[in-house]
1. Which condition does R478 not pass, out of (1) open to solvent by less than 20 Å² (accessible area, probe 1.4 Å); (2) part of a helix (DSSP H, G or I); (3) not β-branched (V, I, T), if it passes all the others?
2. Hey, among G276, G233, G246, G269, which residue is at pLDDT 95 or above, at positive phi, within 16 Å of the ligand (Cβ to nearest atom) and out of contact with any Lys or Arg (no Cβ under 6 Å at 6 or more places or on another chain)?
3. Would you check if there is a residue in region 517-528 being more than 19 Å from H565 (Cβ to Cβ) and of a type in the set (K, R)?
4. Identify the residue in region 373-398 that is open to solvent by 10 Å² or more (accessible area, probe 1.4 Å) and acidic (D, E) and, among all such residues, is nearest to G340 (Cα to Cα).
5. Given the structure, is E401 in a loop (DSSP other than H, G, I, E, B), more than 16 Å from the ligand (Cβ to nearest atom), open to solvent by less than 40 Å² (accessible area, probe 1.4 Å) and over 27 Å from L240 (Cβ atoms)?
6. Evaluate the following for H470: is it within 14 Å of N449 (Cα to Cα) and at pLDDT 95 or above?
7. Which residue is farthest from the ligand (Cβ to nearest atom), if the candidates are limited to region 134-161 and must be touching a Pro at 6+ places or on another chain (Cβ under 9 Å) and not in a loop (DSSP other than H, G, I, E, B)?
8. Do we find a residue being in contact with a strand residue (DSSP E or B) (Cβ under 7 Å, 6 or more places away or on another chain) and open to solvent by 30 Å² or more (accessible area, probe 1.4 Å) anywhere in region 294-307?
Amino acid sequence: MLKPRSTPTRELVNLDGLWRFALDGGPGPLDTTLEAAVPASYNDLFTDSAIRDHVGWAWYQRQVRVPRGWAGERVVLRVDAATHQGRVYVDDVLVAEHVGGYTPFEADITEHVRAGQEFRLTIGVNNELTGTTIPPGTITVSADGRRRQTYLHDFYNYAGLARSVWLCSRPAVHVEDITIVTAMDGTVEYAVETSQPVPVRVRVLDAGGAEVAAGEGATGTIRIENVTLWRPGAPYLYELVAEIDGDLYPQPFGVRTVEVRGTEFLINGEPFYFTGFGRHEDTPVRGKGHDNAYLVHDFQLMDWIGANSFRTSHYPYAEEVMEFADRHGIVVIDETAAVGLNLAVASGLTGAPPRPTFSPDTFGEATREAHAQAIRELVARDKNHPSVVMWCIANEPASNEEGAREYFEPLVELTRELDPTRPVTYAAVIFATHDNDRIADLFDVLCINRYYGWYVATGDLATAETYLEHDLRGWADRFGKPIMMSEYGADTMPGLHSVWDTPWTEEYQQAYLEMNHRVFDRIEAFVGEHVWNFADFQTSHGIHRVDGNKKGVFTRDRRPKAAAHALRARWRSLADRKPQG
Ligand code: GCB
């Protein structure tokens, strides 16, 4: 799906700002004095806990004027994200409905609006998570009749319009989609979809705007002579301009290859070692609302600390983030919102024996279809980003349980069909070991999440070191694939100190990371390390959470904990020792 852009044939009106907001509503005029910021999650904007803890539909509304010059154009409404389900009304008419909180959708509203006139735009957003949503969750009704949402993932269920909303014009006959696949010799395979079969021309422009290749036809292969590659840390972007009579769309892309060979992860044929983080879209007040100031600052901090990559744990991030990574040469592992497909994790402290995760009564066909759709929409949105080097189709599923293979095999196949060019992975939970995991052989890279020294062998780093090494070597030996640590971390209260190995102190976080690094450096097939997490983030209430998860190397307001300086020293020196692509 193409990102809305202003081009000589297309115009854009950004609808961000203050919208009327209410929990009760519908397409009619909202009876409310509340206003909500867009983009932002609504939960933390208001002081009313009924809004923060709300389960169900919430309503956003504003007036929108269609620019008077748009007569004769198609008018399209584009919602970058409505978490987790959205319904869009133009005046009283339902024009779009979409499930999936982290991918965009659009509606052609031409028949319902007039150039120069105003209309009432209403967007309903529903935050409910059930057994058939991605991510999944459970809704219960408490004794006093309140509906309550629980879920299996460790981040707050922020909801609302957390990304931009756009009104776009485009010609009736237009470019619908573009897919670009590149090779290191400058070969560019392209496919342009149009709304009707019409002649297509393409031109490739270099970063200075000079034409360096051209071709004709809806699909084809063209070649850039003396190509400049997109490299981690040294990005270079071209633009493929797709043209038909009456429409033009420029699609940025980079020329680079990704390949797994033996135990190596190759970018442009050179071994790449991932340094960086699992992250979250999470800031005070805005919740998951996209914010360009945090975007710039977070990438500055990643650069400062020597991170060359991150994973979009645990859902697709705003497209602005992906484009920024393209422009700044940061490598991305792109993850779906399939987090929490694991009922053993949920049974945790309750003592309840876990039910099987994959079964018709728990996560079955319907869940898998929602999961497949999440994969389709992620690949459709992000396929042209050079920064994206791997798809991660699930975080910590019950890959050790019966039914896991039947559940995942078709999803891996689907991902490969949609994109044969990128490796596919999942992040493995601690219960899944090299002995009992049932799906790792289906994937290209072993991404392992482990917390030895935190959840296991708490405060005992010597024991943790032995466990970790045994565990990782088992995976490396059995599968012979590249292996990386996709999560390791320790909760840390800034300002808490100790001379001993005391969990929660700044010293402990540092010692914990150092212990992990000693082990990584002893394992040959190792291709990377992503610390959990870049910054502290909000979660639901829990006795093991102090105003959220505190495993950040930075605090929620982006101040470094002591471990940040140690990581910086390691990652900066690693850049000289281990190839970074
Ligand atoms: C995990 C999850 C992550 C949690 C983390 C933790 O394994 O993948 O979402 O936040 O552990 O801190 O417990």
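The values are calculated or read from the model by the stated rules, or taken from the named source; none is laboratory data. On a predicted model such as this, the values are computed, not experimentally measured, just so you know. A quick note on method: Cβ atoms are made from the backbone with ideal geometry, for glycine too, and the neighbour counts reach across all protein chains shown. Just the protein is used for accessible areas: all its heavy atoms, side chains included, with ligands, DNA and RNA removed. Shrake-Rupley method; radii C 1.70, N 1.55, O 1.52, S 1.80 Å.
1. The number of the failed condition is (1).
2. G276
3. Yes: one or more hits.
4. In this case the residue turns out to be E396.
5. Criteria met by E401.
6. no
7. Going through the qualifying residues, I end up with L161.
8. The answer is yes; a qualifying residue exists.
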